[in-house]
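Peer 1: Below are the structure tokens for one structure; questions will follow.
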Amino acid sequence: MSAEQKLTIAVIGAGIVGLCTALELQRDGHHVILIEPHEPGGRQAASYGNGTWLNPGSVLPMSTPGLWKQVPGFLLDPDGPFIIRWRHLPTLAGWLIRFVLAGRTWQQIETCAARRYELNRTTAQDHAALAAEAGRPDLVRRNGLMFVYPEQAAIDAEQQSWRLRAKLGIRFRKVETAELRERVPELGEAYRFGMQIDDGAQVADPGAYCHALLELLIRRGAVRKTARATGFSLNGGRLTAVITESGAVPCDRAVIAAGIGSRDLALKAGDKVPLISERGYHVVIPDPGFDLPAGLMPSDGKMGVVMTPQGLRLAGQVELASVSAPPNWQRARILLNYARRMFPALAAKADAVAQTLGSPNYWMGHRPSTPDGLPCIGAASASPDVFHAFGHGHVGLIQAPATGRLVATLIAGRQPAYDATPFSARRFGGVV
Ligand SMILES: Cc1cc2nc3c(=O)[nH]c(=O)nc-3n(C[C@H](O)[C@H](O)[C@H](O)COP(=O)(O)OP(=O)(O)OC[C@H]3O[C@@H](n4cnc5c(N)ncnc54)[C@H](O)[C@@H]3O)c2cc1C
């Protein structure tokens, strides 16, 4: 395709990845049709309820050396940050084996981290620019992010990760106890040190942000089709339409950006991708009575602790179970336990929220996760006109702008600034 050719492109899924991709395609002059059955950025989307962290330093995949030793613990410890629901183990086993194998050596981790960093590098600037374009600069807070630790030994235990970040040029600094107390006076004595990522930022309200991006897209001429995509109409391998539950949507190209819904669509486009849901939870404590200077993450709870317009959001937990299994709100209770530990003065408010298990203050969502910690970005096997843009796991908010740029670059036939082949869905060898 010549760089000037203007196409009609259907973007399937209007979570943060679909929205950012649609905006990049519009910049190239294409006509965009957004296919989404629900409210874009609504509660069904991972993009609604996440931890809001824009951390360029989120370069480590979840699977790291020695993790396999912890798997039995994940099955048994009901209060830890990770849990595998026994009943679902048989269907998850294949993914888990690939997951453990992907993180066997630090050499693998280093390679993976460098690839992830290509997509993370400019996340804060990118989102700030998008929020400004959408007329909501207030939605991206560029105040940095801070991991908080109970003791020096907990920092030491993560030395390898920090060394890797330093090697990639990610800037961070240690925050000593006195400064931590001064910056976050509400933080309990249990946490004594911080590691600050100055280039980190936070999306103040991800649902509202998705909305603002949607409105920007519509103002720029995008069309919404409220429908669920079910497949593709191909003629000699070339795309003629996206099939939806309410008819065909004729188009020249299509992008699969349907989060956890992408697995079935990818299969229709010729790629069998091991994509599962790493289910996560959030709970909100309304009116906490203070603000935070930056998003926090306790090293033991491994959760985003962030201020949102709705209140203090605690977002985390990894629960491996099927997509359709009902939420287990006890997982969100664990988040409240960490909140009590972090902010002793919030204990009564946390208790009150704990009495309303499953109320709108609670949320469960699906991280669309591949076993190797990299998303699938690139042309599908069944057609050069269908593109993958999914599988971002824990970092889809961070990586959405760069994903959008890469998809637009590939559709235009331009040369990407970095090697995009590691993101190909074909790496899993599941061409159908
Ligand atoms: C608890 C938790 C905390 C997290 N914290 C962070 C964080 O701090 N930072 C970060 O970067 N990431 C974080 N993430 C991950 C991040 O939220 C996801 O990676 C990201 O939102 C994925 O975006 P998406 O657009 O691919 O998917 P989604 O946001 O899930 O959007 C997919 C959309 O596709 C639609 N769809 C599905 N099937 C179809 C179909 N067949 N046809 C049409 N449309 C369809 C859905 O309705 C949905 O609206 C977190 C996730 C969780 C669960």
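The values are calculated or read from the model by the stated rules, or taken from the named source; none is laboratory data. Computed from a predicted structure; not experimentally measured. Cβ atoms come from the backbone with ideal geometry, glycine included; neighbour counts cover every protein chain shown.
Peer 1: Within region 404-416, can one find any residue that is crowded, with 18+ Cβ neighbours inside 10 Å, within 11 Å of the ligand (Cβ to nearest atom), at pLDDT 95 or above and under 25 Å from residue 240 (Cβ atoms)?
Peer 2: There is at least one residue in region 404-416 that is crowded, with 18+ Cβ neighbours inside 10 Å, within 11 Å of the ligand (Cβ to nearest atom), at pLDDT 95 or above and under 25 Å from residue 240 (Cβ atoms).
Peer 1: Please pick out the residue among 273, 242 that is in contact with a Phe, Trp or Tyr (Cβ under 8 Å, 6 or more places away or on another chain), within 11 Å of the ligand (Cβ to nearest atom), touching a residue at least 60 places away in the same chain (Cβ under 8 Å) and not aromatic (Phe, Trp, Tyr).
Peer 2: 242
Peer 1: Which of the strands (runs of 3 or more DSSP E) contained wholly in region 163-241 include at least 1 residues that are among the hydroxyl-bearing types (Ser, Thr, Tyr) and in contact with a strand residue (DSSP E or B) (Cβ under 6 Å, 6 or more places away or on another chain)?
Peer 2: It comes to 229-235.
Peer 1: Turning to a different aspect of this structure: Which of the residues spanning region 19-39 are under 17 Å from residue 211 (Cβ atoms), crowded, with 24+ Cβ neighbours inside 10 Å and within 7 Å of the ligand (Cβ to nearest atom)?
Peer 2: 36
Peer 1: A further question on this structure: Of all residues in region 245-260, which are surrounded by fewer than 22 Cβ atoms within 10 Å (Cβ to Cβ) and touching a residue at least 24 places away in the same chain (Cβ under 8 Å)?
Peer 2: 245, 249, 250, 252 - these are the residues of region 245-260 that are surrounded by fewer than 22 Cβ atoms within 10 Å (Cβ to Cβ) and touching a residue at least 24 places away in the same chain (Cβ under 8 Å).
Peer 1: Given the options 192, 141, 116, 165, name the one that is surrounded by 20 or more Cβ atoms within 10 Å (Cβ to Cβ), modelled with pLDDT of 95 or more and more than 19 Å from residue 52 (Cβ to Cβ).
Peer 2: Exactly one residue qualifies, and that residue is 165.
Peer 1: Also: Applying the selection to region 44-70, what residues are more than 16 Å from the ligand (Cβ to nearest atom), part of a helix (DSSP H, G or I) and either closer than 27 Å to residue 397 by Cα or not hydrophobic (A, V, I, L, M, F, W, C) (or both)?
Peer 2: 67, 69, 70
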